[in-house]
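The values are calculated or read from the model by the stated rules, or taken from the named source; none is laboratory data. Keep in mind the model is a prediction, meaning the values are calculated, not measured. Glycine gets a Cβ as well: all are built from the backbone with ideal geometry, and neighbour counts include every protein chain shown.
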């Protein structure tokens, strides 16, 4: 709120599902650098209604129309994953700066097409990995750079959902399965903090929700990582963190350790006979509310100030490749070389 | 973000200092039920600049002009305390629903004039005490109502600022002194949770910042409360909570205890040789960010839906009376009856 | 366990109630510097039984007999408070180094008699205030000496019992009332960390256990302290800390704050739907187990190595004087000067 | 301290190294059910000195002599691991109830000889795994039995030493390597909470102390477990938990999660500018002090009251087999079937 006058980025938002609405709200109301010029959703009525609610002048029933709108300077893609490739390529062909929610796609072939379009046109592209913008994770990155824990040698990350997603959502055909759907965040953090992963061994099972078997996915998974330089990592994922949404990452260094995470939502302790209790964080919207806003604001600033993207398409591709390697490692029960996944 | 269409409250914001800007941002961008129709500040240029930044159509150099603007349905008063009386009376005479930041005024005489105007005109008036809207304090209220801790019998509250305010700000002539400026929140909580205070004993001293003596105020204070029904309370205030902004309230019941408060801002632990550390909450903006937003949203909802105010002018007046009693108790070194303060 | 050979102090334990048994066990089994040469209790059979259990060669039905036993080098007095005066005087007249549990007595007149006997005979005397030996409190003392928090300016201490004592035990005629019985620890800490208290204002009430009124005591109390040099303090005491035994002390400095206390007994968190819980410390035996042992070991070392007592009789007398001043302040509803209590 | 008269178990302690001294102190002074009848160490002078210090009537330079002493009713073996086989066999042949510190041995062949001797003679044998007696772990076991977290489906355990052991101690020839030396506790917990492990995949590296390579061991290791019934587990071990000794175990159930562990030694928080800090647990002696005592007391009670051992030799053998499987999995980079290790 410092300066009174500044150029704003006119953004178009593609996809108005659960997260799309959060992005729309942030871009429309919480990020001083942006206005929303248009929204699009295949549910045209939904798009029109949200446009009215947030004072957005234009709404469309297709991404193509929105991208073609000359009042749209940049696009934020929150459409279902299967639409990312076409959305990204269309935006690239219009040379409109693009933010795309993770994962980039479900297959590396789609990623290759996207990368090619982005590279060929030289379009600005920023990948969405909101955890990197969480103040806890950002502080960890900064502390490591300052040498606070020496050299990080082991990466540990645990992601727990408080309940299983709907079977429709969780279906690996659209979600990519637990390693991609949940794990891609942890795999991205692994790469961000430690560099490329060389090999992965993994295991997993249906342990809490028998019905997950019907869609061919598991509800608990563990992946053991060897980084290219010999350092180690471990990731565990569960759909039955029934107590609350709990994301914890540790960086073990040779001179200290960082632990990122928190478990309490409301600042109150209830103390009754021999019992002290607090609540938990409900879900990712609450845990990463600030990170989502900071991420989109960073995108806008990078575009406005001609800065490079904070997270590149390549980061999304490599995180996906790692998640696919973990999936393969689980399925084949073999240690899998990440670079061998195509 | 559920409904697409709803009536919005057109608010005018009076006073654009530090907190005024936060309120403007909330009303303009974070609260779906409001739009900002006008802003006013005696610094007319500041008002114009912020109006442009937040897309507010009208800006004024005086509260009177804003209140007179027919496009303004309701007013939010965040002007300096000494202006509250005139602002509130003007708004009441225009019968415009009013939200006024705490304290209502520095003297009970001003309060009486305000109360009279509000009562005579039947204007909706809501007092600002944001802590009541903090999810921790709100949860405490709800838990007590459910009987979780039995009957609360002792109220304890501690407010710590991480540094002293400027001498200009802290001057008791404009701030009311530490008991009013800092303590009014705790006195309001005391009343909210426990009911009216009967007597107060208090002490205080200049202990950390010798220069506070030059303006006739103290930097540490303690007040010991007896409620009208014989229950007890204790409040301590310090300007030298140098480690961070730390607000802790406890309700001791005969079957349990509630403790509201938190100390860590960023979700990261740094662990080095025999040392585990985290940061602290910088200041009230960070600690009560959500409470401020929820408070204004509640105001708007109450006005739009013809509900009574969540916090009444009388609550502000009685909290002020209690704070003035504490001030008198400190000065006279006597136990002071709150009802004797006029 | 470093040296294989060392002189041991042959201790006699007077009083074998709840705490007496703990002291006996510590002196017999946990403190390498001591052996127990004799035990005494007015219940002679109890004394004989415990002597056999702990391999103590002599047991008596009176303190006098024990003190007269030439095999007893030093005495530890854990008898009921009303017996302290006679026990201490008898030990002093035998010039046997003496440890005496708090409070020294219930009246300052008794204290004067004890002080006189100790001074006249030049007997080594160490007062029991185990909190000073708790690693948390000891660390606080050391950190303050190192300047970690600058100058401490406000002392805050809160003692909570998880239930009320028996009415027989709590009777002010034998316990001294809540300010003496519970508060003497906090008043001693106040003096230890901050120096002498100048004035006290206090309040209190029967709020949780109506039957306390029948013995003329209260179950909640608050005392507001002004130290001789103008610094401030606050102490609150409750018998209805029903969630667990909870002792918290804070030292607010002008450059930092120390907080001593802990609330969890068993190192386990139980996390169920939106709920994270742990247990609490049951009572003072668990909270201060280590402190009790360290205290007696320190006594033995001081005697064996001709060092001065870590806590003097005078400390006990002044803590009692302060607690009596608080009692008077509560009763008279006046600010009371501690030095005026005789 | 309830009964005055009871039979005591006359114990002989074999091995008086670091842990042996702790066991001696516990058996001699902290456990009411035991007296120490004799101690033995190959350093005869050490044995004699400690015997004198703790009032033990007999001391020997060999285990054989101690076992042959008719005044010794039961033996506690804390000798170096390589001596366990001979000590256990000698004790079994004398039919003296035996407690043996973990690991049972370094090879399964030695274990077989021990098992055979114990089985043939029907000697009471209790394996030492002190974590099972830690109040946190014991509470976890009890809560699971009560169904508090539903069915545990994932076991997670992390053990961190605050520094590397001496190269002499760490040498795999005598320590068994990190998976056996550190990991056997976690493998035992895995079995105790979840049942037998079917397969293990593992990785590890020298990451913090390059000199570990010179003795053929690693300083960080990760093991991924599949239990016989399809449930999952993960264990990570590090020698560079430089911030402090940190042992954390989690049981993820389908209706809740338990987390055992604690990180703070001294009950004090130090709060300075934007910084809140506490210390950490120095090492295993401090973390498991109570567990060690409870474990030996349980041994004595079981022997005195003809109860079965709380932890059987077989538990030690299977934990060792699991640790050896993890070692093999790390070396071969293959998933290893635990039952295939002989």
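So if I check each of C:208, C:202, C:221, which one is within 10 Å of another protein chain (Cβ to nearest Cβ), at pLDDT 95 or above, under 14 Å from residue C:240 (Cα atoms) and touching a helix residue (DSSP H, G or I) at 6+ places or on another chain (Cβ under 6 Å)?
When all the criteria are applied, what remains is C:221.
Take the residues in segment D:115-146 that are within 13 Å of chain C (Cβ to nearest Cβ), more than 22 Å from residue D:102 (Cβ to Cβ) and free of Cβ contacts under 8 Å to residues at least 60 places away in the same chain, then tell me which one is nearest to the chain's Cα centre (by Cα).
Among residues in segment D:115-146 that are within 13 Å of chain C (Cβ to nearest Cβ), more than 22 Å from residue D:102 (Cβ to Cβ) and free of Cβ contacts under 8 Å to residues at least 60 places away in the same chain, the one nearest to the chain's Cα centre (by Cα) is D:142.
What are the residues in segment D:224-238 that are under 13 Å from residue D:178 (Cα atoms) and within 9 Å of another protein chain (Cβ to nearest Cβ), if any?
D:236, D:238 - these are the residues of segment D:224-238 that are under 13 Å from residue D:178 (Cα atoms) and within 9 Å of another protein chain (Cβ to nearest Cβ).
Among the candidates D:46, D:27, single out the residue that is in a helix (DSSP H, G or I) and crowded, with 21+ Cβ neighbours inside 10 Å.
Working: D:46 fails: crowded, with 21+ Cβ neighbours inside 10 Å.
Going through D:46, D:27 in turn, just one is in a helix (DSSP H, G or I) and crowded, with 21+ Cβ neighbours inside 10 Å: D:27.
Could you please let me know if residue B:296 is more than 10 Å from every other protein chain (Cβ to nearest Cβ) and surrounded by 24 or more Cβ atoms within 10 Å (Cβ to Cβ)?
Answer is yes for this residue.
Please go through segment A:253-277 and give me each residue that is in contact (Cβ under 8 Å) with a residue 12 or more places away in the chain and crowded, with 21+ Cβ neighbours inside 10 Å, ordered by number.
Scanning segment A:253-277 gives A:253, A:256, A:257, A:258, A:260.
Given the options A:172, A:152, name the one that is buried (at least 17 other Cβ atoms within 10 Å of the Cβ), modelled with pLDDT of 95 or more and away from chain D (no Cβ under 14 Å).
On the way: A:152 fails: away from chain D (no Cβ under 14 Å).
None of the others qualify; the one that does is A:172.
Which of (1) surrounded by fewer than 21 Cβ atoms within 10 Å (Cβ to Cβ); (2) under 30 Å from residue C:147 (Cα atoms); (3) facing chain A (nearest Cβ under 9 Å) does residue C:246 not meet, given it meets every other one?
Every condition holds for residue C:246 apart from (1).
Would you say residue B:286 is within 14 Å of chain D (Cβ to nearest Cβ), modelled with pLDDT of 95 or more and either part of a helix (DSSP H, G or I) or under 14 Å from the mean Cα position of the chain (by Cα) (or both)?
Taking the combined requirement at face value, the residue satisfies it.
For segment C:137-149, indicate whether the set of residues that are farther than 28 Å from residue C:230 by Cβ and out of contact with any strand residue (DSSP E or B) (no Cβ under 8 Å at 6 or more places or on another chain) is non-empty.
no
What's the number of the only condition in (1) under 20 Å from the mean Cα position of the chain (by Cα); (2) in contact (Cβ under 8 Å) with a residue 12 or more places away in the chain; (3) not in a strand (DSSP E or B) that residue C:250 fails to meet?
It is condition (3) that residue C:250 fails.
Is there any pair with a first residue in segment D:23-36 that is facing chain C (nearest Cβ under 9 Å) and more than 16 Å from residue D:288 (Cβ to Cβ) and a second that is outside any strand (DSSP E or B) and at pLDDT 95 or above whose Cβ atoms are under 7 Å apart and which are 6 or more apart or on different chains, and what are they?
From residues that are facing chain C (nearest Cβ under 9 Å) and more than 16 Å from residue D:288 (Cβ to Cβ), the pairs are D:24/D:16; D:24/D:50; D:28/D:56.
Quick one: which residue in A:241, A:256, A:261 is at the interface with another protein chain (Cβ under 9 Å from one of its Cβ atoms) and farther than 29 Å from residue A:26 by Cα?
Being at the interface with another protein chain (Cβ under 9 Å from one of its Cβ atoms) and farther than 29 Å from residue A:26 by Cα holds for just one of A:241, A:256, A:261, which is A:256.
Being within 9 Å of chain C (Cβ to nearest Cβ), touching a helix residue (DSSP H, G or I) at 6+ places or on another chain (Cβ under 9 Å) and more than 26 Å from residue D:180 (Cβ to Cβ): is that true of residue D:57 here?
For residue D:57, the condition - within 9 Å of chain C (Cβ to nearest Cβ), touching a helix residue (DSSP H, G or I) at 6+ places or on another chain (Cβ under 9 Å) and more than 26 Å from residue D:180 (Cβ to Cβ) - is not met.
I need the full set of residues from segment D:61-71 which are over 19 Å from residue D:42 (Cβ atoms) and either touching a helix residue (DSSP H, G or I) at 6+ places or on another chain (Cβ under 6 Å) or touching a residue at least 24 places away in the same chain (Cβ under 8 Å) (or both), in order please.
Once the filter is applied, which keeps residues that are over 19 Å from residue D:42 (Cβ atoms) and either touching a helix residue (DSSP H, G or I) at 6+ places or on another chain (Cβ under 6 Å) or touching a residue at least 24 places away in the same chain (Cβ under 8 Å) (or both), segment D:61-71 yields only D:71.
Between A:270, A:266, which is within 29 Å of residue B:276 (Cα to Cα), within 14 Å of chain C (Cβ to nearest Cβ), more than 23 Å from the chain's Cα centre (by Cα) and not in a strand (DSSP E or B)?
Within the list A:270, A:266, the selection yields A:266.
Considering only segment B:299-333, state which residues are in contact with a helix residue (DSSP H, G or I) (Cβ under 8 Å, 6 or more places away or on another chain), surrounded by fewer than 23 Cβ atoms within 10 Å (Cβ to Cβ) and not in a helix (DSSP H, G or I).
Matches in segment B:299-333: B:307, B:308, B:309, B:310.
Condition check: closer than 21 Å to residue A:338 by Cβ and in the same structural domain as residue A:174 (by TED's automatic domain parsing). Does residue A:148 satisfy that?
It is false that residue A:148 is closer than 21 Å to residue A:338 by Cβ and in the same structural domain as residue A:174 (by TED's automatic domain parsing).
Could you please let me know if residue D:280 is touching a residue at least 12 places away in the same chain (Cβ under 8 Å) and within 13 Å of another protein chain (Cβ to nearest Cβ)?
The answer is yes for residue D:280.
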